[in-house]
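Have a look at the structure below, then the notes.
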């Protein structure tokens, strides 16, 4: 059957040209000869032709037509070409591992060279070439906006200016999880030499050190000695992510071109403080982040997945809202699979597969909730919360909002798609998922509880919409507990941010669940 799809108004360069044939006349004829389309050949992506006709630019399924004319590509010799740029750290380690996993799953062979990689079938025929340009996240995004890259690996979310430029250029909304997906998680980790007496820092202290306002260890509970600050080069992808924490450059810092150089500098200097990626084999003493109110958070797998750890650094794959070659679409789908997440773990990054954590293992959070409850949070409220959550396990999938906004942040938008996919795939059939909202402690307690309930409902509705009725026998409900379980003090901007969240708690479905939306049947 002949399939026609009106193309969005893009220039020909927005269609990935898989053939070197220049624009020529072409005719596409249905197998029964009843329909004929004449026009100018624009490109072929391994599955669809793109031609400019009297009816405008059309995308036509190659399986439904015969091609006539000198511009017709050789379908059996087609090789997809994909250009990927961005964060050198991820492009040099994580990306080749994912390509290798994709190749193994599809009985392909991968060959990695200095400038890129190729995937070939069992006969040795090349199916796709990847041109890889390692640079910073910002440089990669600029390259994509200029038309020089089809995909970008970034260790930070796009800025509002970059998002606006992409929309102006006709690339679509790249904040959409389909075109700006998180493929792995990482974290920024403060490290010191082994034996340092300082074991944790607060976020205000970290920002004070990075901005040059704090220069001596005695200012953060250590000995009287000047802090020797070591940072990755701002030319690296991860260095750029750390630079985003600095309102201005540090008063004095040593910048290192490689992880190894930074690690050695910290290892040999008893007064050094370095910042590295959790994915790096840092072999130093990591510091916890002190949230105040008796809470310290380590950069472990569960804290990073839940975005409780404040210096989470997701690895994004950005691409314009345009059609990739078939093998490119298959690769993008693979990146969201469980197989790909296992590759992510093996590459030293943190995967996104949801884990469950029982309430019994979260004693510090409960003690903190009791110790810091004020007049707005009665003991009865805490008892109600504990009674409700004690029968459930918390998923390591949380949702947080951009500062001063009701819009989910970048990692949380990706979590919507991640959780919806798991629900649609039947992972939670026969289970009840409760979306539980929490707020900071600013303002009246009743208003905070109402706001937390509203946000929990908003997130639940977003997940429901993203499942597209794909699950069976999964129940979703929502409620809010306001300021009842803070993760940090409200005295800092970060503390208020981390306290405003929606968590997901799960248990086997039981008869007393009422008033809950059902997915699927």
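The values are calculated or read from the model by the stated rules, or taken from the named source; none is laboratory data. All values derive from a computational prediction rather than experimental measurement. Glycine also receives a Cβ, built like all others from the backbone with ideal geometry; neighbour counts cover every protein chain displayed.
The table that follows gives values for the structure above.
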| quantity | calculated |
| --- | --- |
| Among the residues listed as 466, 462, 488, the single one being touching a helix residue (DSSP H, G or I) at 6+ places or on another chain (Cβ under 8 Å), within 21 Å of residue 395 (Cα to Cα) and not in a helix (DSSP H, G or I) | 488 |
| Residue identified as surrounded by 20 or more Cβ atoms within 10 Å (Cβ to Cβ), part of a loop (DSSP other than H, G, I, E, B) and touching a strand residue (DSSP E or B) at 6+ places or on another chain (Cβ under 8 Å) among 103, 71, 85 | 71 |
| Hits in the stretch 434-453 (condition: surrounded by fewer than 24 Cβ atoms within 10 Å (Cβ to Cβ) and either more than 17 Å from residue 505 (Cα to Cα) or not assigned by TED's automatic domain parsing to the domain that holds residue 497 (or both)) | 440, 441, 442, 443, 444, 445, 446, 447, 449, 450, 451 |
| Meets criteria (under 28 Å from residue 428 (Cα atoms), at pLDDT below 90, out of contact with any helix residue (DSSP H, G or I) (no Cβ under 7 Å at 6 or more places or on another chain) and surrounded by fewer than 20 Cβ atoms within 10 Å (Cβ to Cβ)) for residue 296 | no |
| Subset of the stretch 157-168 (residues that are in contact with a helix residue (DSSP H, G or I) (Cβ under 6 Å, 6 or more places away or on another chain) and surrounded by fewer than 22 Cβ atoms within 10 Å (Cβ to Cβ)) | 162, 165 |
| Residue match in the stretch 158-170 (condition: in contact with a strand residue (DSSP E or B) (Cβ under 7 Å, 6 or more places away or on another chain) and either closer than 30 Å to residue 270 by Cα or in a strand (DSSP E or B) (or both)) | no |
| Residue in the stretch 115-133 that is outside any loop (DSSP other than H, G, I, E, B), outside the structural domain of residue 296 (by TED's automatic domain parsing) and under 21 Å from residue 402 (Cα atoms) present | no |
| Checklist (1) over 22 Å from residue 172 (Cβ atoms); (2) at pLDDT below 85; (3) touching a helix residue (DSSP H, G or I) at 6+ places or on another chain (Cβ under 9 Å); (4) surrounded by 15 or more Cβ atoms within 10 Å (Cβ to Cβ) applied to residue 47, failing item | (1) |
| Selection status of residue 127, modelled with pLDDT of 95 or more, under 19 Å from residue 75 (Cβ atoms) and in contact with a strand residue (DSSP E or B) (Cβ under 7 Å, 6 or more places away or on another chain) | no |
| Criterion violated by residue 457 - all others in (1) closer than 25 Å to residue 386 by Cβ; (2) touching a residue at least 24 places away in the same chain (Cβ under 8 Å); (3) in contact with a strand residue (DSSP E or B) (Cβ under 9 Å, 6 or more places away or on another chain); (4) surrounded by fewer than 23 Cβ atoms within 10 Å (Cβ to Cβ) satisfied | (2) |
